[in-house]
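Quick notes on the structure that follows.
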Amino acid sequence: MDNICCNWQIETKGNPKNMNYKKNILITGGAGFIGSHVVRLFVNKYPEYHIINLDKLTYAGNLENLKDIENQPNYTFVKADICDFDTIMSMFRQYNIDGVIHLAAESHVDRSIKDPFTFAQTNVMGTLSLLQAAKLSWENDFSNKLFYNISTDEVYGALLMDDSFFVETTKYDPHSPYSASKASSDHFIRAFHDTYGMPTIVTNCSNNYGPYQFPEKLIPLFINNIVNNKPLPVYGKGENVRDWLYVEDHARAIDLIFHKGKAGETYNIGGFNEWKNIDLIKVIIKTVDKLLNRPEGTSEKLITYVTDRAGHDLRYAIDSSKLKEELGWEPSLQFEEGIEKTVKWHLENQEWMENIISGNYIFN
């Protein structure tokens, strides 16, 4: 990990015009896929908050995701590494942080299988660095403070092909280096709540999709491949099942939980949209072909079955009943609606995808 303790102020963008904000909120990983949607929502919805977006800008961080709000007076971007404790501690003091929404993470399962050390360093030690900085900054007064950690349903392991769902009390059983690292970070969050009394919340979400998702992930990868008539690699027989959550619905849930959730609690966030991978892929094909005025089914010939990956859990499915019953949240879109919005966005923003593929998006 890069140590940029001496440089973090130089790497700062944005100059809030009014320092008398109601809250100073640190959002980590805010240049990434989910994080950029959360940053945008908070900057636009809460002008009385100062939003500090901290991102290391690894391959998955892209400031192009936030062009529309980068000059807002209540927004500041800081390029930093969450593993650099001295820098994180300085940020807490500089900005008088009141709340943390922690999304920064290495998140691609295939990469974790090849490089587990990076996942342990970022997802475990990075989280611990943030927690310790928050504890030292807040330990004399935890009132009106919150450390909110966004996690994944993969920490729960795999479900059978039946009617069962992950609930907040499901035992952790991670099967990949990625999910093991996220499980460890969740345990540290809860340990700081139980040991030090720090106000914390953990949420575990299902697979997200939507605009600005890095194209190594299934849905943007397949949209791009269909557009360009490239093969669609499907693991195994395509029978693995996932629950899909539109990213803007997830951002709304994070907003609600940050403001109304109970400290010390866990909330599951799911889309109530279970799909076998092969069926999902056929929906994407149908939608892209339709929007490109191709005959229906034209791109199905691109499907190519490949050897299943190690640690590939058969089924994930989230029960979000607690979130609905206690806080009133539910997803706004069905999967077909969300896919059509996502495909339209990609077709209208092909320059964004081209900049990713060429590497021109990388922040220098």
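Of the residues 136, 159, only one is in a helix (DSSP H, G or I) and hydrophobic (A, V, I, L, M, F, W, C); which?
It is 136.
Out of segment 129-139, which residues are of a type outside the set (S, T, N, Q) and surrounded by 19 or more Cβ atoms within 10 Å (Cβ to Cβ)?
Step one: list which residues in segment 129-139 are of a type outside the set (S, T, N, Q), which gives 130-131, 133-136, 138-139.
Passing the criteria: 130, 131, 133, 134, 138.
So, in segment 177-209, exactly how many residues are polar (S, T, N, Q), farther than 30 Å from residue 332 by Cβ and either touching a strand residue (DSSP E or B) at 6+ places or on another chain (Cβ under 8 Å) or at pLDDT below 95 (or both)?
0
Being buried (at least 17 other Cβ atoms within 10 Å of the Cβ) and over 27 Å from residue 59 (Cβ atoms) is true for just one of 246, 212, 267. Which residue is that?
267
Can you pull out the residues in segment 291-313 that are surrounded by 14 or more Cβ atoms within 10 Å (Cβ to Cβ) and either β-branched (Val, Ile, Thr) or touching a residue at least 40 places away in the same chain (Cβ under 8 Å) (or both)?
Across segment 291-313, the qualifying residues are 291, 298, 299, 302, 303, 308, 311, 312, 313.
From the list 332, 358, which residue is in contact with a helix residue (DSSP H, G or I) (Cβ under 6 Å, 6 or more places away or on another chain), exposed (fewer than 13 other Cβ atoms within 10 Å of the Cβ) and either of a type in the set (Ser, Thr, Tyr) or within 28 Å of residue 158 (Cβ to Cβ) (or both)?
The match here is 332.
This table checks each residue for (1) in a helix (DSSP H, G or I); (2) closer than 16 Å to residue 109 by Cα; (3) in contact (Cβ under 8 Å) with a residue 40 or more places away in the chain.
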| residue | (1), (2), (3) |
| --- | --- |
| 164 | no, no, yes |
| 170 | no, no, no |
| 174 | no, yes, no |
| 178 | yes, yes, yes |
| 192 | yes, no, yes |
| 195 | yes, no, no |
| 198 | no, no, yes |
| 202 | no, no, yes |
| 208 | no, yes, yes |
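So which residues in segment 245-301 are of a type in the set (A, V, I, L, M, F, W, C) and more than 22 Å from the chain's Cα centre (by Cα)?
Once the filter is applied, which keeps residues that are of a type in the set (A, V, I, L, M, F, W, C) and more than 22 Å from the chain's Cα centre (by Cα), segment 245-301 yields 278, 283, 285, 288, 291, 292.
Could you check, for segment 286-305, whether at least one of its residues is closer than 30 Å to residue 169 by Cα and out of contact with any helix residue (DSSP H, G or I) (no Cβ under 7 Å at 6 or more places or on another chain)?
No, the conditions are met nowhere in segment 286-305.
The values are calculated or read from the model by the stated rules, or taken from the named source; none is laboratory data. This one's a predicted model, so the numbers in the text were calculated from it and none came from an experiment. Every residue, glycine among them, receives a Cβ derived from its backbone with ideal geometry; neighbour counts consider all protein chains shown.
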